[in-house]
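Peer 1: What follows is a structure written as structure tokens; I'll ask about it next.
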Amino acid sequence: MNKLMTQLNTRLAQLKQRPLALALLAAFALSTGGIMLYSGPSTAADDKDKKSAPTPALTVTTTRPQGASLPLRLTANGNVAAWQEASIGSESNGLRLTEVRVNVGDVVKKGEVLAVFSADTVNADVAQAKAALAEAQANAAEAQANAKRARAVQASGALSEQQVTQYLTAEQTANARIESARAALAAQQLRLKYTQVVAPDAGVISARSATVGAVVGAGTELFRMIRQGRLEWRAEVTAAELKSIRVGSQATVRAANGSELTGKVRTIAPTVDPQTRSALVYVDLPPDLRSNAPFKAGMFASGQFDLGASNALTLPQQAVVVRDGFPYVFRLNADSRVSQLKVQTGRRLGDRIEIVSGVTGDMPVVLNGAGFLNDGDLVKAVAAPAAAAPGAPRQAQK
């Protein structure tokens, strides 16, 4: 009986607690549904907005074309040659070469002795010519004395007219023999002078064929010399380019070894090669008598003629992108998208390139990041950093 009463009391307590639990459950469900009704639609709208907003492909800086005065230059190629090359030969015939004093590359002065021939034979001939002159002078003295006496007695008739004429003729013949002997002596002395080969001008020895002990004939070439060490650049230009070159224009010549010289146009060839349709322009280079001069005759060299300057639109080199062999720039449009434009480039000055066509002076062009863009990309443009003033100290990077 007691056990039955205990179960009944427990059941009544559970019935009393059920409405409270149901009420709590209903309140929790109501609050949760309200939260879902409040937060659910807002979160979906935000996700939709995030998905619809495009993302910029890159952050870039822009610039605009700037006007600049660029030099006008004409590029050409050609050979370096001697301004004038002198051929130095022997003026003596049948003499033995005893001494050679210079070699290829030596710098010589005008009148300097380059080689010496044996003078023994010539000295003997000079002595013989001197003796012949002395004999002619002695004979002339006797003839003059006879002619003087003949003139003195010519009026008295002591001598016939024929004898007087003979004495006077003998005097004239003796004087003529003196002149002949003097000429022969001068010729031998000239031969003696020619035993020394001297430089006709200052310059650099470019070739030598003289050999000690050789017996050479008159006119045989012994040395070749570049007169005054002067070289010239013989540039080849087309007939259409000749009109822009003037005598006196400056030209910068660059050799294959990297050396550079600045010269002036001396003259322009009066004819054009009918085969190549090109003409020669002769550019005088500064003389250099050093044996280790950077420019040598026979070198191939390229150069540029300075033809003045002209105005042009320029862009920094990093703003021009080369794709498929053609240059392009990217224009920034009002909708923050870029358009790829094909341009034509021209001259270069430092890190700037002339833009011949394809852009205008007020067009915004992508500067940094142009190489990573494609046509139609969305970008974010930011201000370019201010350029440091020339000579301003740089801050240390952390």
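The values are calculated or read from the model by the stated rules, or taken from the named source; none is laboratory data. The shown structure was predicted, so the numbers you read here are calculated from the model rather than taken from an experiment. Neighbour counts are summed over all protein chains in view; Cβ atoms, including those assigned to glycine, are modelled from backbone coordinates with ideal geometry.
Peer 1: Could you figure out which of (1) out of contact with any Phe, Trp or Tyr (no Cβ under 8 Å at 6 or more places or on another chain); (2) free of Cβ contacts under 8 Å to residues at least 24 places away in the same chain; (3) not assigned by TED's automatic domain parsing to the domain that holds Pro364 isn't true of Ala269?
Peer 2: Only one criterion is unmet by Ala269, namely (1).
Here's the yes/no breakdown for (1) farther than 30 Å from Asp288 by Cα; (2) outside the structural domain of Val216 (by TED's automatic domain parsing); (3) of a type in the set (Val, Ile, Thr):
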| site | (1), (2), (3) |
| --- | --- |
| Val100 | no, no, yes |
| Lys109 | no, no, no |
| Ala132 | yes, yes, no |
| Ala136 | yes, yes, no |
| Ala140 | yes, yes, no |
| Ala147 | yes, yes, no |
| Ser160 | yes, yes, no |
| Arg177 | yes, yes, no |
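Peer 1: Quickly run through the stretch 288-313 and pick out the residues that are assigned to a strand (DSSP E or B), modelled with pLDDT under 90 and polar (S, T, N, Q).
Peer 2: Selection gives Ser310, Asn311.
Peer 1: Restricting attention to the stretch 348-362, report how many residues are hydrophobic (A, V, I, L, M, F, W, C) and either touching a Cys at 6+ places or on another chain (Cβ under 7 Å) or surrounded by 18 or more Cβ atoms within 10 Å (Cβ to Cβ) (or both).
Peer 2: First, pick out the residues of the stretch 348-362 that are hydrophobic (A, V, I, L, M, F, W, C): 349, 353, 355-356, 359.
Those left that are additionally either touching a Cys at 6+ places or on another chain (Cβ under 7 Å) or surrounded by 18 or more Cβ atoms within 10 Å (Cβ to Cβ) (or both): 353, 355, 359.
Result for the stretch 348-362: 3.
Peer 1: Of the conditions (1) out of contact with any strand residue (DSSP E or B) (no Cβ under 6 Å at 6 or more places or on another chain); (2) surrounded by 13 or more Cβ atoms within 10 Å (Cβ to Cβ); (3) among the hydroxyl-bearing types (Ser, Thr, Tyr), Ser160 satisfies every one except a single condition; which number is it?
Peer 2: Ser160 satisfies all of (1) out of contact with any strand residue (DSSP E or B) (no Cβ under 6 Å at 6 or more places or on another chain); (2) surrounded by 13 or more Cβ atoms within 10 Å (Cβ to Cβ); (3) among the hydroxyl-bearing types (Ser, Thr, Tyr) except (2).
Peer 1: Moving on to the next point. If I ask for residues that are over 12 Å from Ala235 (Cα atoms) and of a type in the set (Gly, Ala, Ser), which ones from the stretch 271-298 would you list?
Peer 2: Ser291, Ala293, Ala297, Gly298
Peer 1: Can you find a residue in the stretch 246-255 that is over 30 Å from Gln128 (Cβ atoms) and of a type in the set (Ser, Thr, Tyr)?
Peer 2: First pass over the stretch 246-255, keeping only residues over 30 Å from Gln128 (Cβ atoms): 246-255.
From what's left, of a type in the set (Ser, Thr, Tyr): 249, 252.
Yes; the residues of the stretch 246-255 include at least one that is over 30 Å from Gln128 (Cβ atoms) and of a type in the set (Ser, Thr, Tyr).
Peer 1: Applying the selection to the stretch 311-362, what residues are touching a residue at least 24 places away in the same chain (Cβ under 8 Å) and hydroxyl-bearing (Ser, Thr, Tyr)?
Peer 2: Selection gives Thr314, Ser336, Ser339, Thr345, Thr360.
Each row is one residue, and each column tells you yes or no for (1) under 35 Å from the mean Cα position of the chain (by Cα); (2) buried (at least 21 other Cβ atoms within 10 Å of the Cβ).
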{"site": "Gly78", "(1), (2)": "yes, yes"}
{"site": "Glu85", "(1), (2)": "yes, no"}
{"site": "Ile88", "(1), (2)": "yes, yes"}
{"site": "Gly94", "(1), (2)": "no, no"}
{"site": "Thr98", "(1), (2)": "no, no"}
{"site": "Asn103", "(1), (2)": "yes, no"}
{"site": "Lys110", "(1), (2)": "yes, no"}
{"site": "Ala115", "(1), (2)": "no, yes"}
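Peer 1: Any idea which of Ala239, Ala269 is at pLDDT below 90, under 25 Å from the mean Cα position of the chain (by Cα), over 17 Å from Gly105 (Cα atoms) and not hydroxyl-bearing (Ser, Thr, Tyr)? Full working, then the answer.
Peer 2: Numbers: Ala269 fails: at pLDDT below 90.
Selected residue: Ala239, the only one of Ala239, Ala269 that is at pLDDT below 90, under 25 Å from the mean Cα position of the chain (by Cα), over 17 Å from Gly105 (Cα atoms) and not hydroxyl-bearing (Ser, Thr, Tyr).
Peer 1: Go through the stretch 111-138 residue by residue and tally those that are assigned to a strand (DSSP E or B) and of a type outside the set (Val, Ile, Thr).
Peer 2: 3
Peer 1: Can you pull out every residue in the stretch 277-306 that is among the hydroxyl-bearing types (Ser, Thr, Tyr) and in contact with a Ser or Thr (Cβ under 9 Å, 6 or more places away or on another chain)? Reasoning before the result, please.
Peer 2: From the stretch 277-306, those among the hydroxyl-bearing types (Ser, Thr, Tyr) are 278, 282, 291, 302; that's our starting set.
Of everything in the stretch 277-306, those that are among the hydroxyl-bearing types (Ser, Thr, Tyr) and in contact with a Ser or Thr (Cβ under 9 Å, 6 or more places away or on another chain) turn out to be Ser278, Tyr282, Ser302.
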